[in-house]
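**Student:** Can you read through this structure? Questions will come right after.
Bear in mind that the values in this text are calculations on the coordinates, not laboratory data. None of the values given here were measured: they were computed from a predicted structure. Positions of Cβ are backbone-derived with ideal geometry, glycine not excepted, and every protein chain shown enters the neighbour counts.
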Amino acid sequence: AGTDQTLESLPDPGPGPAEEALATARRAEVDLALDDLPDEQRSVLLLYAAGYSQPEIADQTGAPLGTVKSRMRLGMRRLRDVLQDDAPGARAP
């Protein structure tokens, strides 16, 4: 029973080398997919990822809120399609 308590008190070691390598590879895939987006879609997605709300993005870019929402939706759809196509097992052999 003492060993269980000792193991529970150890800090979480975090992701191992394999998990870190996969995360790095996935980030590279996302970066490449973002680079392929039209500038308008990429900019709103990057601002959103940086923590800006849609109304704040509209203010920053000067685009109407509806346009920001549309660009986000289209950009996310395109990213999802590209990243799903690149996922292991997504393509037929």
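**Student:** Counting other beta carbons within 10 Å of each Cβ, put Thr67, Thr6 in order, fewest first.
**Tutor:** So the residues, fewest neighbours to most, are Thr6, Thr67.
**Student:** Which is farthest toward the positive dipole end of segment 38-87 among Gly66, Leu46, Val82, measuring Cα position about the Cα centre, with Cβ charges +1 (Lys, Arg) and -1 (Asp, Glu)?
**Tutor:** Gly66
**Student:** Assuming a ≥ b ≥ c are the square roots of the Cα gyration tensor eigenvalues, decide whether segment 38-87 counts as rounded (a/c under 1.5), prolate (otherwise, with a/b larger than b/c) or oblate.
**Tutor:** prolate
**Student:** Tell me whether segment 2-59 comes out rounded, prolate or oblate; compute the Cα gyration tensor, take square roots of the eigenvalues as a ≥ b ≥ c, and use a/c under 1.5 as the rounded threshold.
**Tutor:** Oblate, because a/c is 1.5 or more while a/b does not exceed b/c.
**Student:** Order by neighbour count: Ser53, Ser43, fewest other Cβ atoms within 10 Å first, most last.
**Tutor:** Taking fewest neighbouring Cβ atoms as first place, the list is Ser53, Ser43.
**Student:** Under a point-charge model restricted to the Cβ atoms of Lys and Arg (+1) and Asp and Glu (-1), what is the dipole moment magnitude of segment 38-87 relative to its Cα centre, in debye to the nearest 20?
**Tutor:** 160 debye
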